[in-house]
Amino acid sequence: MKRRRCQMCGRAIRRDQLAVFVAGRPDGPAQPVSEPPLHADCAAYALHVCPRLVTGHRAGQVCVAEAAEYALLEEHVAQGPDPSSLITYIRAPGERPAVTDAPSVLQNYLALPAAPWIQADRWLDAGN
Ligand SMILES: [Zn+2]
């Protein structure tokens, strides 16, 4: 995700190409996703053949965002106030977290596409 590579074919998504994100029904327009982007052709192929997307519990609820750019966020895990607890928080790279000063471990990258989410069926019907 950090290197703008397609999660299906592994090749770079050039800056003149849109990065396509596929997710279950997003909670809102600014929903970060943990799945890396895809080329448009790779996303269309996945939406036709991936059992998880076609027949799983997400079928019919899958959305797509085509974005020229996306913000990269970090999901961290740190020890909570109770030594036996862990807290998870999201921050921009290099941003100081507001929730804890405890050392943390980078758990995952998240992407925040700079584009609206649309129903995957509508995206495919538009010629993708
Ligand atoms: Zn690809």
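None of the figures in this text is laboratory data; all of them are computed from the coordinates on show. Predicted model, so just to flag it, every value in this text is computed and none were measured. Counting neighbours? That spans all protein chains shown, and the Cβs are built from the backbone with ideal geometry, glycine included.
Figures for the structure shown
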item	result
Total formal charge among the other residues, if their Cβ is under 14 angstrom from that of Gln7, Lys/Arg +1 and Asp/Glu -1	+4
Chain lengthening between Ala71 and Asp125 when straightened (0.36 nm per residue, less Cα-Cα)	16.7 nm
Label-point separation, Ala59 to Tyr89 (7 Å along Cα→Cβ), nm	4.2 nm
With Cα atoms, 0 to 90° folded angle of helix 40-49 axis to the chain main axis	80 degrees
For q = 0.11, 0.12, 0.17 Å⁻¹, Debye-computed log10 I/I(0) when each Cα of the chain counts as one equal scatterer	-0.44, -0.51, -0.89
Size of charge dipole - the range 19-125 - debye, nearest 20, with Cβ of Lys, Arg +1 and Asp, Glu -1, no other charges	200 debye
GluC sites (Glu not before Pro) restricted to the range 34-128 and DSSP loop, no more than 14 other C-beta within 10 Å	Glu69, Glu95
